[in-house]
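Submitted below is the structure of interest, expressed as structure tokens.
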Amino acid sequence: MPKYEFVAVDFDGTLCADAFPEVGAPNRAVIDYVKRLAADGSKIILYTSRENGTRKLLDEAVAFCKAQEIPLYAVNENPGNPHAAKIGLKPSDGRKVYADLYIDDKAINPAKIERTAEYTRPGAFVPPPEAAAADERWQEIMKQAEQCGFILYAAAGTAILATNRVQASTMGATRYADNQRMNGRCPQEIGLPGCLDSYTGKPGCAGDRCELWKRRADHADT
């Protein structure tokens with residue numbers, strides 16, 4: 001018996017990239033996962049809002065699945081629904097297709113919401129002593145991060161860090177130089193020609209009028 005007898009899988013944004021009404025590029029990871037489920041005995045149901053109108057959008061989705069060798073048990077229905085007869089319905093009745101697993105790019109598991117709510121509720125969780133002890137090194141670590149120019153943002157026990165390589169590649173020279181100044185690093189000391197003018201982008205240096213310049217090791221005695 002497979003873990004999931006019936007698996008309902010969405011099409012646009014799931015089996016393929018979302019390019020509706022066109023058929024997007026195959027999502028290989030999802031396709032391979034669905035095919036593994038099928039190989040284990042799951043019945044795969046294509047569950048999509050596509051319909052056949054002036055353009056056969058649903059047929060295009062079915063043809064895609066065939067080309068990707070996804071064995072479909074049904075399309076937008078579950079002929080094997082074991083619960084329909086219990087309440088006087090045919091398996092094809094009802095607005096929602098019955099399945100044991102739904103795979104959809106626009107879905108979220110309520111259990112994830114519950115876990116997130118539990119850990120984000122104020123006072124809901126107190127770290128164990130071993131973890132809390134590491135907080136005593138926060139100032140030490142942040143000082144090292146500042147010396148290396150890693151800090152993008154820091155306040156109230158939270159911080160966003162990035163390596164110099166990432167900063168330089170995403171910020172550009174002017175913003176990178178400004179961020180290094182925020183970290184207490186003189187741009188000239190780290191190999192830049194100087195502070196960069198935010199309007200012209202040209203380098204410049206205020207010399208002994210700049211506190212960062214005066215703190216530099218090679219100017220400490222001047």
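Just to be sure I understand: if I project the alpha-carbon convex hull of segment 99-175 onto a plane and average over all orientations, what area do I get in nm²? Display every interim value, and only then the final one.
Values: hull surface 37.2 nm².
Value for segment 99-175: 9.3 nm².
Please list 3J(HN,Hα) in residue order for segment 15-28, calculated via the Karplus relation 6.51 cos²θ - 1.76 cosθ + 1.60 where θ = phi - 60°; whole Hz, with x for glycine and proline.
Result, ordered by residue: 6, 9, 4, 6, 10, 3, x, 6, 8, x, 5, x, 8, 4 Hz.
Could you tell me which of the pairs Lys43/Lys66; Lys3/Lys112; Lys43/Lys90; Lys35/Lys90 are separated by over 25 angstrom between their Cα atoms in the structure shown? Walk me through the numbers before you get to the answer.
On the way: Lys43/Lys66 15 Å; Lys3/Lys112 21 Å; Lys43/Lys90 19 Å; Lys35/Lys90 28 Å.
Check vs 25 Å cut-off fails for Lys35/Lys90.
Using amide H atoms built in the peptide plane, which far-off residues or other-chain residues are under 5 Å from Cys16 H to H?
Answer set, sorted by chain and number: Asn27.
Something else now. On the principal axes of its Cα set, how long, how wide and how thick is segment 1-119? Give whole Å, largest value first.
Cα spread of segment 1-119 along its principal axes, largest to smallest: 43, 39, 29 Å.
Excluding residues on the same chain fewer than 8 positions from Lys96, give the aspartates and glutamates whose Cα lies under 16 Å from its Cα.
Asp10, Glu51, Glu77, Asp104
Sequence-distant or interchain residues sharing an amide H contact under 5 Å with Ser92, placed H: which?
Long-range HN contacts for Ser92: none found.
Give me the Debye-computed log₁₀ of I(q)/I(0) at q = 0.09, 0.10, 0.11, 0.16 Å⁻¹ for segment 49-182, equal point scatterers on Cα only, no solvent, two decimals.
Debye intensities relative to I(0), on a log10 scale: -0.67, -0.74, -0.78, -0.96.
What ranking of Thr158, Thr174 comes out by heavy-atom accessible area, probe 1.4 Å, highest first? Let's see the in-between values first.
On the way: Thr158 75, Thr174 40 Å².
My answer, sorted largest first, is Thr158, Thr174.
Counting other Cβ atoms within 10 Å, which trypsin sites (Lys or Arg not before Pro) in segment 1-97 have at most 16 and lie in a DSSP loop? Please list the in-between numbers first.
Working: sites: Lys3, Arg28, Lys35, Arg36, Lys43, Arg50, Arg55, Lys56, Lys66, Lys86, Arg95, Lys96; in loops: Lys3, Arg50, Arg55, Arg95, Lys96.
Sites meeting the loop and neighbour criteria: Lys3, Arg55, Arg95, Lys96.
Here is a follow-up. In what sequence, highest mean first, do 159-169, 104-114 appear when ranked by Cβ atoms within 10 angstrom? Please report the intermediate quantities before stating the final value.
On the way: 159-169: 14.0, 104-114: 9.9.
So the peptides 159-169, 104-114, ranked by packing, come out 159-169, 104-114.
The values are calculated or read from the model by the stated rules, or taken from the named source; none is laboratory data. Nothing here was measured: the structure is a model prediction, and the numbers come from that model. Backbone-built Cβ (ideal geometry, glycine too); neighbour counts: all protein chains shown. When the accessible area is computed, the model is the full protein with side chains, heavy atoms only, and any ligands, DNA or RNA have been set aside. Shrake-Rupley method; radii C 1.70, N 1.55, O 1.52, S 1.80 Å.
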